[in-house]
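The values are calculated or read from the model by the stated rules, or taken from the named source; none is laboratory data. Just so we're clear, the structure is a prediction, and the values are computed from it rather than from any experiment. Backbone-built Cβ (ideal geometry, glycine too); neighbour counts: all protein chains shown.
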Amino acid sequence: MDMAWLDVFRTVAHLGSFTAAGERLGFTQSAISRQIATLEGELGAALFDRLARGVRLTEHGRALLPHAEAMLDRLDTTRRDLAALTELTAGHLRVGAFDSANAALVPGALAAFRAAHPHVEISLTEGLSAHLLDLLADGTIDLAVVASYGQDAYDGEQFEPRPLLDDPVLVALPPGHRLAGRKRLRLAELADEPWIAARRHAESTLLAACLRSGFRPRIEYAVGAWTAKLGLVAAGLGPTLIPALAARAARPDLALVPLHPDDTPVRHVYTVTRRGRRVPPAVAAFTGFLREAAGAGAVTAAAGTAAGE
């Protein structure tokens, strides 16, 4: 059954005239008559008595009217709900991101998105990149912000990764450190320092870069959270390596020094969606804000490095 026929039927029922309904809907009287006749043929019952002046609902027509109004109202509601998703006056944004992306990059993008689309519900999940991809695969989230130290690290058949930014690693030093004022460092210059890392085994941490630079770092403190690592650095207990993304939210009483390019580990940060699935409007809009935040962060980092030089 064509819902347009029900709309014509409802209009005729309210106005009591094929001619008046045609004027309301932009049809000729004969077009209205044909559509009503088609609907009556579909239902197998006469819906109107044709009178000398106008029309009047039959018993079947009176029975149909509340059902027609309910279906048309439901269709109007459905259209409004779908339009709200497209226009971002409703809907959900479900994002997952790794911890240092949540230090400044993702919050900045979320704040801009919320200001532009205040009626979209937002959920943010934090986790390791592999876990976020699992959540993306099972539909728990719609967008993952993930990182890898290798290129093309993600399943291209299942996921659609798009490069967001490159995230170089810096050295965090206490302000009074002998090398704190340098423009750039070689890791070998810090070979005798007591290091701070996430674990005791350098191979499974950012300090694997020290091994590639020809020395095994002495890890004196093993703590997982960035706040703890940077607190130990600020207390003068040793340096640590920190990705530039995490450094955006670092405490001010630290010196963040770039490494020589030959010594610098670089994380590749991606936005990832599921391949073959249409991207929700909220995700498409948020990705734009995320790219703006990534670009602004790169400009800020470059300006900060230049100022330090």
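Within the range 266-294, residues that are in the same structural domain as residue 144 (by TED's automatic domain parsing) and farther than 24 Å from residue 103 by Cβ have Cβ atoms under 7 Å from residues that are among the hydroxyl-bearing types (Ser, Thr, Tyr) and part of a strand (DSSP E or B) in these pairs: 279/273, counting only partners at least 6 apart in sequence or on another chain.
In the set 204, 148, 213, which member is among the hydroxyl-bearing types (Ser, Thr, Tyr) and modelled with pLDDT of 90 or more?
Numbers: 204 fails: modelled with pLDDT of 90 or more; 148 fails: modelled with pLDDT of 90 or more.
Step by step, each of 204, 148, 213 is checked, and only 213 is among the hydroxyl-bearing types (Ser, Thr, Tyr) and modelled with pLDDT of 90 or more.
Looking at the structure I just gave you, is residue 54 out of contact with any helix residue (DSSP H, G or I) (no Cβ under 9 Å at 6 or more places or on another chain) and surrounded by 15 or more Cβ atoms within 10 Å (Cβ to Cβ)? Considered against the rule, which asks whether it is out of contact with any helix residue (DSSP H, G or I) (no Cβ under 9 Å at 6 or more places or on another chain) and surrounded by 15 or more Cβ atoms within 10 Å (Cβ to Cβ), residue 54 comes out as no.
Run down 74, 53, 80 and say which single residue is over 29 Å from the mean Cα position of the chain (by Cα), closer than 30 Å to residue 280 by Cβ and of a type in the set (D, E, K, R).
Details: 53 fails: closer than 30 Å to residue 280 by Cβ; 80 fails: over 29 Å from the mean Cα position of the chain (by Cα).
The match here is 74.
Taking the range 150-246 as the region of interest, the strands (runs of 3 or more DSSP E) fully inside it that hold 1 or more residues being assigned by TED's automatic domain parsing to the domain that holds residue 288 and surrounded by fewer than 20 Cβ atoms within 10 Å (Cβ to Cβ) are 159-173. Of the set (1) farther than 12 Å from residue 8 by Cα; (2) surrounded by 16 or more Cβ atoms within 10 Å (Cβ to Cβ); (3) β-branched (Val, Ile, Thr), all apply to residue 32 but (1). Would the range 223-234 turn up any residue that is in contact (Cβ under 8 Å) with a residue 12 or more places away in the chain and at positive phi? No.
Out of the residues in the range 131-149 that are in a helix (DSSP H, G or I) and touching a Ser or Thr at 6+ places or on another chain (Cβ under 8 Å), which is surrounded by the fewest Cβ atoms within 10 Å (Cβ to Cβ)? Among them, the one singled out is 135.
Restricting the search to the range 112-130, which residues are part of a helix (DSSP H, G or I) and surrounded by 15 or more Cβ atoms within 10 Å (Cβ to Cβ)? Let's see the steps before the verdict.
Step one: list which residues in the range 112-130 are part of a helix (DSSP H, G or I), which gives 112-116, 129-130.
Scanning the range 112-130 gives 112, 113, 114, 129.
Looking for something of a type in the set (Ser, Thr, Tyr), closer than 29 Å to residue 167 by Cα and in contact with a strand residue (DSSP E or B) (Cβ under 8 Å, 6 or more places away or on another chain) - is there at least one such residue anywhere in the range 92-113? Checked against the condition, which is being of a type in the set (Ser, Thr, Tyr), closer than 29 Å to residue 167 by Cα and in contact with a strand residue (DSSP E or B) (Cβ under 8 Å, 6 or more places away or on another chain), the range 92-113 yields at least one hit.
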